[in-house]
1. Determine the distance separating the Cα centre of segment 20-38 from the Cα centre of segment 61-109; give it in Å without decimals.
2. Have a look at the DSSP beta bridges in the chain and tell me what percent are antiparallel, nearest 5.
3. Rounded, prolate or oblate, given the Cα gyration tensor of segment 52-106, with a/c below 1.5 counting as rounded?
4. With both partners inside segment 32-152, how many of the DSSP beta bridges are antiparallel, as a percent to the nearest 5?
5. Please list MET1, MET150 in order of solvent-accessible area, largest first, computed with a 1.4 Å probe with all protein chains present.
6. How much accessible surface does HIS199 have with a 1.4 Å probe, in Å² rounded to 10?
7. Would you calculate a helix-derived [θ] at 222 nm for the chain, using -39,500 (n - 2.57) for each DSSP H run of n ≥ 4 and dividing by the full residue count, to the nearest 500?
8. How large is the accessible surface of ASP51 in square angstrom, using a 1.4 angstrom probe and rounding to the nearest 10?
Amino acid sequence: MKLLLAEDDALLADALCTQLRGAGFEVEHAPNGAVAEYLLTKQHHDIAVLDIGLPMLDGLSVLQKVRQTQPLLPVLLLTARDSLDDRVAGLQAGADDYVTKPFDFPELQARLHALLRRSQRHSGPGGSTQLGRLRLDDSARRAWVNQDTMELSGREWSLLALLVSQQGQVVTKDQINQAWSGSDASEVGQGNAIEVYVHRLRRKLEGAGVTIRTVRGLGYLLEADAT
């Protein structure tokens, strides 16, 4: 999982980068708010840790800007400020969690993993759904991997939406055929149509952090990859 750490204290940042990489994260470090904003808006990250007291652009300002384009990105604020007003301001700006310095790394790690678990299946405003790096907009019938739009036919969309809605559960071929009953009638399926469309979706979902698994004799299920 790719994590952005925005921290201007060089010693703390170096220690955290080492610990986070040891915990399995791919870490990118931003020494100030301007760099953090650029990286978060131009590159994909699975989670972000922002210090509030960043130079050039403070952490709350970075968070507010990022929330305009990435409303579902898990963000944890890291700060020496421990007053109630500061915590409320951070949460109102769009933070998902808040850790006050000094802290123990195991607590930070546990909070990060909790945020990632919650974000793997998250329903947002307007009927949007986030699973791993896959995002679906049910109302617009559109899907994205990272920030890239997936080109989907009617049947591919119906199959993907069904698998996501039943994430972690087996979807049978009968259920898929029922979901297809209202899709593009021009897409006439052959005997192995389901296998063909599953194969297509697997290719299009590369890098999405999710996997379509075949459950022999039963059907298919969609799983989020292990973090």
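The values are calculated or read from the model by the stated rules, or taken from the named source; none is laboratory data. Note that the coordinates shown come from a computational prediction; the quantities given were computed from them, not determined experimentally. When the accessible area is computed, the model is the full protein with side chains, heavy atoms only, and any ligands, DNA or RNA have been set aside. Shrake-Rupley method; radii C 1.70, N 1.55, O 1.52, S 1.80 Å.
1. 15 Å
2. Values: 21 of 38 bridges.
Around 55 percent antiparallel, to the nearest 5.
3. On the way: a/c = 1.65, a/b = 1.46, b/c = 1.13.
Cα axes put segment 52-106 in the prolate bin.
4. Working: 13 of 21 bridges.
Close to 60 percent.
5. On the way: MET1 60, MET150 20 Å².
Reading off the accessible areas and sorting them downward yields MET1, MET150.
6. Taking all protein chains as shown, HIS199 has close to 100 Å².
7. Numbers: 8 runs with 89 residues, N = 227.
It comes out at -12000 deg cm²/dmol, rounded to the nearest 500.
8. Result for ASP51: roughly 10 Å² accessible.
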